[in-house]
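First the structure, in the form of structure tokens, and then the observations on it.
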């Protein structure tokens with residue numbers, strides 16, 4: 001193999017390491033699933049989306065993602081952010097895995113740096129580099145299901161971070177890791 005070929009291959013590997021969520025969306029990972037939707041309620045704003053179809057005919061539905069970005073906004077600052085579409089897939093898959101028809105309750109989605117700093121001052125459990133800051137995390141609960149059931153469903157998917165707390169489960173699309181009670 002020539003040096004040029006090696007560099008080309010390594011460049012491709014670098015892309016694979018940097019952009020796995022983008023590749024997951026564009027590869028066949030979700031392409032065979034015709035439709036994915038969320039029934040989700042923001043506990044802080046009282047807003048909800050019913051059957052918000054964010055994945056349709058093997059493609060991301062941009063209009064639905066705009067609605068989800070609004071729902072997942074930082075409720076303290078009212079700041080919106082472009083959420084990671086893989087987070088929506090993850091929440092949908094958790095919801096399906098636990099077999100619920102109840103709305104997923106969103107406790108926290110995007111967090112602005114200002115909000116994250118305030119929360120860090122109030123609690124030692126808030127990360128300075130939280131996945132919430134990059135639109136890759138949500139704190140959720142599902143009525144009629146225990147936090148342990150939601151945690152176990154999320155962990156079984158091996159799709160990112162999962163942390164169980166007393167009143168919610170944190171899920172994110174970062175590296176796979178777990179914390180909180182087993």
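The values are calculated or read from the model by the stated rules, or taken from the named source; none is laboratory data. None of the values given here were measured: they were computed from a predicted structure. As a convention, Cβ positions derive from the backbone with ideal geometry for all residues, glycine included, and neighbour counts pool all protein chains shown.
Is there a residue in region 165-179 that is assigned to a helix (DSSP H, G or I) and in the same structural domain as residue 41 (by TED's automatic domain parsing)? Spell out the reasoning first.
First, the residues of region 165-179 that are assigned to a helix (DSSP H, G or I): none.
Within region 165-179 (the criterion being assigned to a helix (DSSP H, G or I) and in the same structural domain as residue 41 (by TED's automatic domain parsing)), the answer is no, since none of the residues qualifies.
In this structure, does residue 84 turn out to be more than 18 Å from residue 47 (Cβ to Cβ) and either touching a residue at least 40 places away in the same chain (Cβ under 8 Å) or surrounded by fewer than 17 Cβ atoms within 10 Å (Cβ to Cβ) (or both)? Before you say what the answer is, go through the steps one by one.
Working: more than 18 Å from residue 47 (Cβ to Cβ): yes; either touching a residue at least 40 places away in the same chain (Cβ under 8 Å) or surrounded by fewer than 17 Cβ atoms within 10 Å (Cβ to Cβ) (or both): yes.
Taking the combined requirement at face value, the residue satisfies it.
Does residue 104 satisfy the criteria of being under 18 Å from the mean Cα position of the chain (by Cα) and within 19 Å of residue 52 (Cα to Cα)? Working first, answer last.
On the way: under 18 Å from the mean Cα position of the chain (by Cα): yes; within 19 Å of residue 52 (Cα to Cα): yes.
In short, yes.
Please enumerate the residues belonging to region 133-155 that are touching a helix residue (DSSP H, G or I) at 6+ places or on another chain (Cβ under 7 Å) and under 16 Å from residue 73 (Cβ atoms). Talk me through it step by step, then tell me what you get.
Initially, region 133-155 is screened for residues touching a helix residue (DSSP H, G or I) at 6+ places or on another chain (Cβ under 7 Å), giving 133, 136-138, 140-142, 150, 153-154.
Passing the criteria: 133, 136, 137, 138, 140.
Can you pull out every residue in region 52-78 that is farther than 17 Å from residue 138 by Cβ, in a strand (DSSP E or B) and in contact with a strand residue (DSSP E or B) (Cβ under 7 Å, 6 or more places away or on another chain)?
53, 56, 60
Scan region 154-182 for residues that are exposed (fewer than 15 other Cβ atoms within 10 Å of the Cβ) and touching a strand residue (DSSP E or B) at 6+ places or on another chain (Cβ under 6 Å) and report the count. Break it down into steps so the answer makes sense when it comes.
Taking region 154-182 and keeping what is exposed (fewer than 15 other Cβ atoms within 10 Å of the Cβ), we get 156, 158, 166-167, 175-179, 181-182.
Among the residues that remain, those that are also touching a strand residue (DSSP E or B) at 6+ places or on another chain (Cβ under 6 Å) are: 177-179, 181.
Residues flagged as exposed (fewer than 15 other Cβ atoms within 10 Å of the Cβ) and touching a strand residue (DSSP E or B) at 6+ places or on another chain (Cβ under 6 Å) within region 154-182 amount to 4.
Can you tell me which residues in region 89-109 are over 13 Å from residue 44 (Cα atoms), in a loop (DSSP other than H, G, I, E, B) and in contact with a helix residue (DSSP H, G or I) (Cβ under 8 Å, 6 or more places away or on another chain)?
Across region 89-109, the qualifying residue is only 98.
Hey, among 128, 123, which residue is exposed (fewer than 13 other Cβ atoms within 10 Å of the Cβ), over 22 Å from residue 71 (Cα atoms) and in contact with a helix residue (DSSP H, G or I) (Cβ under 9 Å, 6 or more places away or on another chain)? Break it down stepwise before answering.
Values: 123 fails: in contact with a helix residue (DSSP H, G or I) (Cβ under 9 Å, 6 or more places away or on another chain).
Being exposed (fewer than 13 other Cβ atoms within 10 Å of the Cβ), over 22 Å from residue 71 (Cα atoms) and in contact with a helix residue (DSSP H, G or I) (Cβ under 9 Å, 6 or more places away or on another chain) holds for just one of 128, 123, which is 128.
Take the residues in region 42-51 that are out of contact with any helix residue (DSSP H, G or I) (no Cβ under 9 Å at 6 or more places or on another chain) and assigned to a strand (DSSP E or B), then tell me which one is nearest to residue 158 (Cα to Cα).
In the first step, residues of region 42-51 are kept if they are out of contact with any helix residue (DSSP H, G or I) (no Cβ under 9 Å at 6 or more places or on another chain); the result is 43-44, 46, 50-51.
Going one step further and asking which of them are assigned to a strand (DSSP E or B), we end up with 50-51.
Details: 50: 26, 51: 25 Å.
This residue is 51.
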